[in-house]
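Participant: Here you go, one structure.
The values are calculated or read from the model by the stated rules, or taken from the named source; none is laboratory data. All figures in this text were calculated on a predicted structure; none of them were measured in a lab. Here the Cβ positions follow ideal geometry from the backbone for every residue, glycine too, while neighbour counts run over all protein chains shown.
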Amino acid sequence: MNIVRYYLALMSLIYWSAVIPFWLLIHPFIEFWRRLGYRLTYAINFTVMAILGAVIFLFRGRLLSIEFGTSYFLIALAVLIYSLAVGVYFKRRKHLTKAILSGLPELAPEKAESKLLTEGIYARIRHPRYLELLLGLLALAFFTNYLALYLLFPIFFAAIFLIIQFEEKELRARFGKEYERYSERVPRFVPRF
């Protein structure tokens, strides 16, 4: 179990630490990236992600030096939280295409259909993908029980909040009043009952 926790923590640290900068580089500078073109944008940003992943891999010994052992209570909690993330995933994937996930409508509006998602889970919460990611990372932190992942979670949470600010600004520019009305009636993460 220790080796499973270790490699899962390492892969998680590499993945999540690379994903955060990708969107933090894209959203605030969307006009720059549009002018550059989506292919070059992806090439640059994926290169940055690969470099970050390599750096994390090189420093994996230090980053993963503090772990708290196997806790079956935390593993059970992780399974429960991950089940919620998977539930959100199955509801969200019906509406959020791979093109939208990769940012193509933002980077190249002429190449990808651009419609406001308001159906299914999007009728209950505005950002199910980010909720899914937050739940997934929290589950991974509990399952692996490494300090690095516990520290990564609040950083990721803050980064998601920042990314949402940029994304919602872009959605307001793209969809105008339609997005304003949608955001007034649909909360970001926690559905109203």
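Participant: Quick check on my filter: what residues within segment 170-189 are basic (Lys, Arg) and out of contact with any His (no Cβ under 8 Å at 6 or more places or on another chain)?
Facilitator: ARG172, ARG174, LYS177, ARG181, ARG185, listed by residue number.
Participant: Got a sec? Which of ARG124, ARG185, ARG174 is touching a Pro at 6+ places or on another chain (Cβ under 7 Å) and either closer than 25 Å to ARG34 by Cβ or of a type outside the set (Gly, Ala, Ser) (or both)?
Facilitator: Exactly one of ARG124, ARG185, ARG174 is touching a Pro at 6+ places or on another chain (Cβ under 7 Å) and either closer than 25 Å to ARG34 by Cβ or of a type outside the set (Gly, Ala, Ser) (or both), namely ARG124.
Participant: Among the candidates ARG181, ARG188, which residue alone is under 16 Å from ARG126 (Cβ atoms) and surrounded by 14 or more Cβ atoms within 10 Å (Cβ to Cβ)?
Facilitator: Testing whether each residue is under 16 Å from ARG126 (Cβ atoms) and surrounded by 14 or more Cβ atoms within 10 Å (Cβ to Cβ) leaves just ARG188.
Participant: Now a separate question. Could you check segment 87-97 and list, in sequence order, the residues that are part of a helix (DSSP H, G or I) and within 14 Å of the chain's Cα centre (by Cα)? Can you show your working first?
Facilitator: First, pick out the residues of segment 87-97 that are part of a helix (DSSP H, G or I): 87-92.
Of everything in segment 87-97, those that are part of a helix (DSSP H, G or I) and within 14 Å of the chain's Cα centre (by Cα) turn out to be VAL88, TYR89, ARG92.
Participant: Here's another thing I want to ask about it. Please enumerate the residues belonging to segment 131-179 that are over 27 Å from SER65 (Cβ atoms), of a type outside the set (A, V, I, L, M) and under 18 Å from the mean Cα position of the chain (by Cα).
Facilitator: Keep residues of segment 131-179 that are over 27 Å from SER65 (Cβ atoms), which gives 131-132, 161-179.
Narrowing further to those that are of a type outside the set (A, V, I, L, M): 132, 161, 165-170, 172, 174-179.
Within segment 131-179, GLU132, PHE161, GLN165, PHE166, GLU167, GLU168, LYS169, GLU170 qualify.
Participant: Also, I was wondering about something else. Could we say that PHE73 is loosely packed, with under 12 Cβ neighbours inside 10 Å and over 22 Å from PRO128 (Cβ atoms) here?
Facilitator: Here the answer is yes, as PHE73 does meet what is asked.
Participant: Taking only pairs six or more apart or across chains, which ones have beta-carbon atoms under 6 Å, a first residue in segment 38-49 that is among the polar types (S, T, N, Q) and at pLDDT 90 or above, and a second residue that is surrounded by 13 or more Cβ atoms within 10 Å (Cβ to Cβ) and assigned to a helix (DSSP H, G or I)?
Facilitator: Note: pairs meeting the criteria are THR41/TRP33; THR41/LEU107; ASN45/PHE22; ASN45/LEU25.
Participant: Also, quick follow-up: Exactly one of these conditions fails for VAL88: (1) among the β-branched types (Val, Ile, Thr); (2) out of contact with any Leu (no Cβ under 7 Å at 6 or more places or on another chain); (3) surrounded by 16 or more Cβ atoms within 10 Å (Cβ to Cβ). Give me its number.
Facilitator: (2)
Participant: Among the residues that make up segment 115-136, is at least one of them closer than 30 Å to TYR6 by Cβ and either at pLDDT below 90 or of a type in the set (Gly, Ala, Ser) (or both)?
Facilitator: Yes.
Participant: Go through segment 110-146 and report how many residues are in a loop (DSSP other than H, G, I, E, B) and touching a residue at least 40 places away in the same chain (Cβ under 8 Å).
Facilitator: Looking only at that region, the number is 9.
Participant: Which condition does ARG126 not pass, out of (1) within 28 Å of ALA43 (Cβ to Cβ); (2) within 19 Å of the chain's Cα centre (by Cα); (3) surrounded by 13 or more Cβ atoms within 10 Å (Cβ to Cβ), if it passes all the others?
Facilitator: Condition not satisfied by ARG126: (1).
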